[in-house]
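Notes follow once the structure below has been shown.
Read-outs throughout are calculated quantities, based only on the coordinates presented, and are distinct from any laboratory measurement. Bear in mind that the values here come from a model prediction, so they are computed numbers and not experimental data.
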Amino acid sequence: FSFSLAGFIEEPERKYCFECDSEEQCQEWIEALKRASYEFMRRSLIFYRNEIQKMTGKDPLEQYGISEEARFQLGTHK
């Protein structure tokens, strides 16, 4: 069983091939790679930030000097 990753922005010809002992192991790798993606982490940040703000009434990123503009951009990317 195997799968590959390709289509990198800076290196479009680059391709990574993964070989696994089972289809289940391939799926575990694919899920782990998805969870490590920028988009997954960005969505998690937005979700937990909103949850903390609901619980505390404060934006947890405000203490780090995140501007209103950056907050708007963070919440509107798809």
*asked:* Need the full-extension length gain, L45 to Y64, defined as separation in residues times 0.36 nm minus the C-alpha distance. One decimal, nm.
replied: 5.4 nm
*With θ set to phi - 60° and the Karplus curve 6.51 cos²θ - 1.76 cosθ + 1.60, what are the ³J(HN,Hα) couplings of segment 48-62 in order, to the nearest whole Hz, using x for Gly and Pro?*
5, 4, 5, 5, 5, 5, 5, 6, 9, x, 10, 7, x, 8, 4
